Each structure stands twice: as structure tokens, then as C-alpha cells.
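Notes for the one structure printed next.
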Amino acid sequence: MLSEQEIKKLREDIVFNETLSGFPFVFHSTWGIFSPRNIDEGTLMLLKYLKINESDNCLDLGCGYGPIGLTMAKLAPKGQTTLVDKDFKAVEYSNINAELNQVKNAEALLSNGFDQIRKRKFDVVVSNIPAKVGNEMLSLFLHDAYSQMNPGAKIYVVTITGLRKYIKRNFEDVFGNYKKLKQGPNYTVAMATKQ
């Protein structure tokens with residue numbers, strides 16, 4: 001059984017430093033949020049292939065504690081970046097990390113997919129899609145993304161490599177196009193454009 005001291009330690013914020021797309025960050029996270037001790041392999045792969053313009057309005061769908069969204073906000077200082085997650089702790093830590101890293105053009109909101117951000121339009125939508133999201137939720141994500149993306153906007157996703165064909169079918173179905181940017185043994189990064 002854990003001692004009172006060990007339990008107290010588990011309740012403390014997990015804190016680590018990471019450089020993403022050339023920007024130094026300090027991240028605070030906690031147990032129960034995805035990959036709390038370091039930036040996961042899929043996110044690192046995804047960030048290598050993102051193309052962001054300085055005035056893009058960006059969306060990080062399923063933001064966790066904010067590494068993708070905050071990086072996009074730094075890459076698009078003249079745009080606005082929205083981070084959403086259905087986990088209230090993820091949203092709380094994304095906003096804490098935005099403040100700690102002095103990212104003024106980012107805001108994290110509690111939202112199950114797009115349901116709380118219906119009026120916003122985006123130039124870039126990005127998601128590190130969880131393997132267990134389910135077909136129905138993924139369909140909602142992609143159709144909602146399409147309706148809230150500006151013409152010419154891009155959607156980038158990273159998934160476990162086993163889902164790559166499923167993503168290809170769904171991108172082609174919703175967006176009419178699909179581009180595989182990188183396939184590794186564990187993860188695949190793909191993109192589609194709203195034409």
C-alpha cells in the first residue's frame with residue numbers, strides 16, 4: 001500500500017521541458033491525461049509535417065495538455081488557436097500551459113468534438129486521434145471539421161498505423177482527397193484539403 005507521502009507526490013503536477021518546432025516549452029500535466037510525462041511519438045511525428053501560416057486560425061481537436069495547439073499558436077502568431085478536449089483536466093492544463101509559456105493567442109475550451117465551437121471557422125485542423133475513438137465519433141469529427149473549415153483549409157491527423165486505410169477511406173469520402181505524409185511502424189501522419 002502507498003504511504004501518505006507517496007500519494008501526496010502522485011497528486012503533484014508532472015513538469016517537463018520540451019522543444020517543439022523550435023520553440024522551448026515547459027509543460028505541466030497530471031495523471032489521467034494522455035502521455036503525461038513526455039510528448040508522445042505520434043505528436044512528435046505530426047509536428048514535423050505541419051505547415052502553418054502566420055495568420056492561420058487553428059484547431060487542436062482532443063488537445064490533452066496542449067502541446068500541438070500551443071505549438072500551432074506559436075507558428076501562427078497573427079491567428080487564433082482553439083484547443084478543445086472533452087476532459088476538463090486536459091482543458092485546465094492546456095490553459096495553464098498557455099499562460100506559463102506566454103501564448104496569448106490560444107484558448108482551450110471544454111467541447112466534445114465541435115459541439116461547443118460551432119461558430120468558429122478554421123484554416124488548419126489537427127488531431128492526434130485516439131485509437132479507441134470509435135467509427136461514429138470519427139465520422140462526426142471529420143464531417144464537422146469539413147463544415148467548419150475555410151475553403152483551402154487543411155486537416156492533419158496522426159493515428160496508429162493500423163488505422164491508416166480507414167483514415168484514407170474517410171478522408172476521400174468527406175474531403176475527396178487524401179495525402180499520406182509519413183508512415184512509420186507505429187504511427188501514420190495524413191492530410192486532406194477542403195477544396
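The values are calculated or read from the model by the stated rules, or taken from the named source; none is laboratory data. This structure is a prediction, so every number in the text was calculated from the model and none was measured. Cβ coordinates were reconstructed from backbone atoms using ideal geometry, including for glycine residues, and neighbour counts include every protein chain displayed.
Here MET137 passes the criteria (1) within 16 Å of the chain's Cα centre (by Cα); (2) closer than 28 Å to SER55 by Cα except the one numbered (2). Is there a residue in segment 176-187 that is outside any helix (DSSP H, G or I), at positive phi, free of Cβ contacts under 8 Å to residues at least 24 places away in the same chain and not β-branched (Val, Ile, Thr)? Yes, segment 176-187 contains a residue that is outside any helix (DSSP H, G or I), at positive phi, free of Cβ contacts under 8 Å to residues at least 24 places away in the same chain and not β-branched (Val, Ile, Thr). State all residues of segment 76-91 that are surrounded by fewer than 18 Cβ atoms within 10 Å (Cβ to Cβ) and touching a Ser or Thr at 6+ places or on another chain (Cβ under 9 Å); if no residue qualifies, say none. Residues satisfying the conditions are PRO77, LYS78, LYS86, LYS89. Of all residues in segment 9-67, those satisfying the criterion of being part of a loop (DSSP other than H, G, I, E, B) and without any contact (Cβ under 8 Å) to a residue 24 or more places away in the chain are GLU12, ASP13, GLY22, TRP31, ARG37, ASN38. Exactly one residue among SER127, SER94 is within 25 Å of GLY176 (Cβ to Cβ), surrounded by 22 or more Cβ atoms within 10 Å (Cβ to Cβ) and either touching a Ser or Thr at 6+ places or on another chain (Cβ under 7 Å) or of a type in the set (Gly, Ala, Ser) (or both), and that residue is SER127.
Only a single item in (1) surrounded by 24 or more Cβ atoms within 10 Å (Cβ to Cβ); (2) closer than 12 Å to PHE27 by Cβ is not met by ASN101, and it is number (1). Kindly indicate whether any position in segment 115-125 is within 22 Å of PHE175 (Cβ to Cβ), within 14 Å of the chain's Cα centre (by Cα), among the β-branched types (Val, Ile, Thr) and not in a strand (DSSP E or B). Looking for residues that are within 22 Å of PHE175 (Cβ to Cβ), within 14 Å of the chain's Cα centre (by Cα), among the β-branched types (Val, Ile, Thr) and not in a strand (DSSP E or B), one finds none in segment 115-125, hence no.
With respect to the stated conditions, LYS132 is free of Cβ contacts under 8 Å to residues at least 24 places away in the same chain and within 17 Å of the chain's Cα centre (by Cα).
Please determine, by comparing only the residues of segment 41-71 that are of a type in the set (Asp, Glu) and buried (at least 17 other Cβ atoms within 10 Å of the Cβ), which one is farthest from GLU99 (Cα to Cα). Looking at the filtered set, the residue picked out is ASP56. Taken as a whole, the structure leaves LEU70 outside the set of residues that are in a strand (DSSP E or B), within 20 Å of VAL189 (Cα to Cα) and at pLDDT 95 or above. The residue of segment 126-171 that is modelled with the highest pLDDT, among those that are basic (Lys, Arg), in a helix (DSSP H, G or I) and touching a strand residue (DSSP E or B) at 6+ places or on another chain (Cβ under 9 Å), is LYS168.
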